[in-house]
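Here's the structure, in structure tokens; my notes come after.
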Amino acid sequence: MRCLTALFILFQTGFLCAQNPGEYDWWTEIHHWDGHTSWVQYMTISTSYMGPNALPVPEIKTGQLSDEAQLEQLAGYQFFKGDKTKDLFSRVYVPLHSNKVGLELYVVPLEYFQTDTATRDTRAARTRSGKGFAGGDIYFSTQISLLRDKLHWPDISLEFAFRTASGTRLRDARYSDGPGYFVDLSFGKNIDLNKEKEITLRPFLMGGIYVYQTYDLQHLQNDAPLYGAGLEFNSKKFTISQQVGGYSGYLDIGDQPMVYRAIFKYKNKFVDWKLWYQWGVRDFPYQGIRAGLVLHRKMK
């Protein structure tokens with residue numbers, strides 16, 4: 001199977017070169033192409049060498065499932081010196097079975113990127129201009145509430161998530177064009193600060209594993225412990241969450257990203273305003289900000 005995959009990639013490379021003679025001469029010269037190795041083998045599949053949405057740190061769960069159906073739409077900007085990315089983020093969440101199960105789908109349907117020459121060449125990207133549009137991977141998640149609202153116990157939830165290989169522009173290191181999955185347990189507990197005003201503080205923890213496909217013929221997948229922790233302040237009108245999380249790949253190729261996130265949500269009856277900020281602490285060179293709306297409604 002590995003041999004067939006390698007032959008298929010090699011055939012595609014040769015076919016493209018035959019169709020576009022000279023188009024990649026600049027790339028061949030910069031990366032000293034040996035004439036037969038697939039261009040994919042020159043790339044590094046990790047958060048340090050790809051776009052900000054290629055292998056992101058998953059959302060850090062709080063141990064509690066929402067009892068409302070949600071439709072979220074955000075617009076964002078993620079950046080560092082060598083890469084400026086504007087994107088859209090879409091998410092749908094539906095609670096089922098008396099809020100004990102939740103189904104979630106999310107995707108970056110469109111991004112526009114612009115990289116400088118140094119970043120383009122470090123990533124072995126193949127579009128000479130270093131800019132263009134890309135569509136993202138689709139994520140599917142099933143969340144199960146294992147324990148909730150017990151006096152002396154934290155809330156506990158379990159998540160199974162799958163990432164499709166739907167992302168485009170592998171040639172520009174925007175998405176990995178490979179599947180992945182992650183499984184995690186999260187724990188959280190509300191601490192009442194003011195019962196009358198419904199003000200609470202919620203510490204939470206998450207742990208699990210994140211696995212994704214690579215193109216390294218010696219290591220076809222990366223198996224990474226997944227972790228996260230945070231503190232959430234809730235009132236009737238707004239939510240503020242501070243979080244730190246990441247995962248630790250074992251290939252030592254810039255594949256151990258850690259990020260800090262701050263999330264602010266201003267609540268209304270049916271539509272919330274959401275502001276999201278992310279800063280890369282390790283193996284994730286980007287800062288990012290997103291803003292938008294979350295439509296929500298309780299299921300009957």
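No value in this document is a laboratory result; all are computed from the given coordinates. As the structure is a computational prediction, the values presented were derived from the model and not from experiment. In this analysis, Cβ positions are derived from the backbone assuming ideal geometry, glycine residues included, and neighbour counts consider all displayed protein chains.
Secondary-structure-derived ellipticity at 222 nm for the chain, considering helices only, amounts to -3000 deg cm²/dmol, per-run term -39500 (n - 2.57) for DSSP H runs with n ≥ 4.
Residues whose amide H lies under 5 Å from that of V101, counting only those 5 or more places away or on a different chain, are L96, S145; hydrogens are built 1.01 Å from N in the peptide plane.
Estimated from the Cβ-Cβ distance and a Förster radius of 51 angstrom, the FRET efficiency linking I289 and H36 is about 0.70. Geometric descriptor of the range 57-102, per residue, is 80 Å³ (volume of the convex hull of the Cα atoms).
Here's the list of lysines a cross-link from K61 could span, going by alpha-carbon distance under 18 Å and ignoring same-chain residues fewer than 8 apart: K100, K189, K265, K274.
With neighbour counts taken as other beta-carbon atoms within 10 Å, the residues R169, R128 rank, fewest first, as R128, R169. Taking θ as phi - 60° and the Karplus parameters 6.51, -1.76 and 1.60, the scalar couplings of the range 82-97 work out to x, 8, 10, 10, 9, 8, 10, 10, 10, 8, 10, 10, 10, x, 9, 6 Hz in sequence order, x denoting glycine and proline. Listed by chain and number, the lysines whose C-alpha is less than 21 Å from the C-alpha of K131, apart from same-chain residues fewer than 8 away, are K81, K84, K86.
Per-residue packing, averaged as other Cβ atoms within 10 Å, sorts the ranges 265-272, 170-177, 243-250 into the order 170-177, 243-250, 265-272, beginning with the highest. Ordering W273, W39 from the fewest to the most neighbouring beta carbons within 10 Å gives W273, W39. Dimensions of the chain based on its C-alpha atoms, expressed as ranges along the principal axes with the largest first, amount to 72, 35, 34 Å. Across the range 99-109, computed HN-Hα scalar couplings (Karplus, 6.51 cos²θ - 1.76 cosθ + 1.60, θ = phi - 60°) run 6, 8, 9, x, 10, 9, 9, 8, 6, 9, x Hz from first to last residue, x flagging Gly and Pro. The long axis of helix 2-19 is offset from the longest Cα principal axis of the chain by roughly 60 degrees. Using only side-chain charges placed at the Cβ, +1 for Lys and Arg and -1 for Asp and Glu, the dipole size of the chain relative to its Cα centre rounds to 1240 debye.
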